[in-house]
1. Taking a threshold of 26 Å on the Cα-Cα distance, which of the pairs K126/K268; K138/K299; K16/K253; K123/K200 fall above it?
2. Cut-off is 10 Å between beta-carbons; in what order do C189, C153 appear when sorted fewest neighbours first?
3. On the Cα set of the range 228-309, report Rg and Dmax in Å, please.
4. Provide the FRET efficiency to the nearest 0.05 for the K244-K126 pair, computing r from the beta carbons and using R0 = 51 Å.
5. Return an integer: the convex hull volume of the alpha-carbon atoms of the range 183-263, in Å³ per residue.
6. Treat every Asp and Glu Cβ in the chain as -1 and every Lys and Arg Cβ as +1, leave all other atoms uncharged, and give the resulting dipole magnitude about the Cα centre to the nearest 20 debye.
7. Given the rule -39500 (n - 2.57) for each run of at least 4 DSSP H residues, summed and divided by the residues of the chain, what is its mean residue ellipticity at 222 nm, to the nearest 500 deg cm²/dmol?
8. Assigning unit charges at the beta carbon (Lys, Arg +1; Asp, Glu -1) and nothing else, what dipole magnitude in debye, to the nearest 20, does the range 214-312 show about its Cα centre?
Amino acid sequence: AAMAFGAASADDYPSKPITMIIPFSAGGPTDTVGRLIAQPMSTYLKQQVVIENVGGAGGTLAAGRVARSAPDGYTIFLHHIGHSTAPSLYRKLPYDAINDFEPIGLVTSVPMTIVARKDFPAKDIKELIAYVKANKDKVTYANAGLGSASHLCGMLFMTAIQTDLTTVPYKGTGPAMNDLLGGQVDFMCDQTTNTTSQIKGGKIRAYAVTTRNRVASLPDLPTLHESGLPGFEVTVWHGIYAPKGTPKPVIDKLTKALAFSLKDETVKQRFGDLGTEPVDPSQVTPAALRSLLRSEIDKWSPIIKKAGVYAD
Ligand code: MLT
């Protein structure tokens with residue numbers, strides 16, 4: 001396909017709407033980031049960037065689909081840290097996380113929060129840990145499937161407190177949040193993109209953040225690191241990819257559109273409200289994403305092996 005795509009057609013790109021695949025449900029944190037940046041990207045590209053949610057198997061269903069899509073610039077993929085953990089979590093994946101994708105650029109960096117249903121009987125993180133350990137057969141933990149950020153955080157949390165819990169998997173933390181609000185599930189670890197307004201509205205309880213430092217938009221929440229789980233740290237990062245073989249002039253244009261969107265005032269303000277931070281402009285490059293993806297695969301692989309969590 002790359003050969004059929006000459007310089008002349010790259011000049012005309014894009015001549016029709018572009019689909020941005022989101023590997024989780026609508027209404028969740030990845031979807032929120034995607035919908036926010038899609039608007040200024042559409043302005044820059046003078047074509048609509050249309051969101052398509054392809055949830056399932058912790059984001060790997062969507063990744064497989066993107067890997068098999070035509071490398072023509074009309075399918076792009078927003079994914080997060082899960083693109084780096086899936087290769088260690090799944091014994092077999094229908095794609096190669098590095099070699100089947102063309103990186104476009106890094107997008108944001110997002111803290112996570114430990115949150116519970118509103119009437120959960122623990123008033124702070126120390127009580128939550130004690131309660132969870134004492135009630136491990138009845139406490140339920142929501143996540144978005146093996147390979148999701150909420151799965152990674154939960155895995156690290158359970159390892160840190162040496163307690164196995166019943167997990168309830170969803171196709172994204174959007175629907176998981178609905179069940180948390182409804183009290184059908186007890187707690188989860190989810191990105192501030194999805195939890196901030198529910199925390200501020202008093203609809204759920206919040207206990208701690210997963211970043212090394214406290215989060216400016218949720219200053220009262222302690223870090224897990226300072227709450228008796230030293231060294232606990234997970235920060236979600238997002239990147240945008242295209243299928244391998246997408247022509248370089250097309251990638252360049254998409255990188256520019258992404259950079260443009262991260263400078264947009266509305267995007268910056270909404271990101272700020274949601275505790276998510278656009279990456280430094282110097283990181284909005286294919287090279288920065290390629291390098292972070294590789295280093296994150298290397299970082300998480302031994303941790304996941306040690307935890308002994310696998311899917312077939
Ligand atoms: C989502 O968009 O639903 C989340 O990013 C899922 C997750 O990774 O926890």
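1. Exceeds cut-off: K126/K268; K138/K299.
2. Listed from fewest to most nearby Cβ atoms, that is C153, C189.
3. For the range 228-309, the Cα radius of gyration and maximum Cα-Cα distance read 16.0, 50 Å.
4. 0.60
5. Measuring per residue, one finds 162 Å³ for the Cα hull of the range 183-263.
6. Rounded to the nearest 20 debye, it is 220 debye.
7. Value at 222 nm, helices only, nearest 500: -12500 deg cm²/dmol.
8. 520
Computed from the coordinates by the stated procedures, all read-outs in this text should not be read as laboratory data. Remember, it's a predicted structure, so these values are computed and weren't measured experimentally. Ideal geometry is used to build each Cβ from the backbone, glycine not excepted, and the neighbour counts take in all protein chains shown.
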